[in-house]
1. Go through segment 40-80 residue by residue and tally those that are in contact with a helix residue (DSSP H, G or I) (Cβ under 7 Å, 6 or more places away or on another chain) and modelled with pLDDT of 85 or more.
2. Among the residues of segment 108-130, which ones are part of a helix (DSSP H, G or I) and free of Cβ contacts under 8 Å to residues at least 40 places away in the same chain?
3. How many residues does segment 126-135 contain that are touching a helix residue (DSSP H, G or I) at 6+ places or on another chain (Cβ under 6 Å) and closer than 24 Å to residue 25 by Cβ?
4. Out of 89, 83, I need the residue that is modelled with pLDDT under 80, in a helix (DSSP H, G or I) and within 15 Å of the chain's Cα centre (by Cα). Which one?
5. Enumerate the pairs (first residue in segment 30-44 and touching a residue at least 40 places away in the same chain (Cβ under 8 Å); second residue anywhere and surrounded by fewer than 16 Cβ atoms within 10 Å (Cβ to Cβ)) with beta-carbon separation below 6 Å, excluding pairs fewer than 6 apart on the same chain, so at least 6 apart or on different chains.
6. Give the number of residues within segment 131-161 that are modelled with pLDDT under 90 and outside any helix (DSSP H, G or I).
7. Please verify whether segment 24-32 includes one or more residues that are surrounded by fewer than 19 Cβ atoms within 10 Å (Cβ to Cβ), outside the structural domain of residue 126 (by TED's automatic domain parsing) and at pLDDT 80 or above.
8. If you check residue 73 against the conditions, is it surrounded by fewer than 20 Cβ atoms within 10 Å (Cβ to Cβ) and assigned by TED's automatic domain parsing to the domain that holds residue 3?
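The values are calculated or read from the model by the stated rules, or taken from the named source; none is laboratory data. If you're wondering where the values come from, they're calculated on a predicted model, not measured in any experiment. Cβ placement follows ideal geometry from the backbone for every residue including glycine, while neighbour counts extend to all protein chains displayed.
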């Protein structure tokens, strides 16, 4: 493959998955505006550097998620920050009625309370990844992913109920 065709293939792949990269950047950082754009560029640069070693044995989206997440977590570790924001798609609540906005805010806050491993699994599930793809990325079995997803959903539901002041036993 020529350098030009490799670059074209890479650019097409990035354009196809730019929403996923941005979502990973927003979910694992506290960056906004220009800083978020810089973080996105850092992730794309890391993807480009890793691209020659991508063997296409997994889906592009799985590989992109893993490399982007690793890059961003390394950057965040260096900056020693633990704050988490939720993606623009969830935080952009314009066009929704007030009760839907409240539910979205509750979900966003509940997701922020998940530990990083749970957040990985839940974000990938929200993005439409299959359990087998999540398992491959997280080095868990498919059965373990299914169990963890069930527990994460229960945890989020409990967190939202607590936020609403609903007490369940």
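1. Total satisfying the criteria: 22.
2. Residues satisfying the conditions are 108, 112, 117, 118, 121, 122, 125, 126.
3. 3
4. 89
5. Close Cβ pairs (under 6 Å, with a partner that is surrounded by fewer than 16 Cβ atoms within 10 Å (Cβ to Cβ)) amount to 30/81; 30/83.
6. The total comes to 1.
7. yes
8. Considered against the rule, which asks whether it is surrounded by fewer than 20 Cβ atoms within 10 Å (Cβ to Cβ) and assigned by TED's automatic domain parsing to the domain that holds residue 3, residue 73 comes out as yes.
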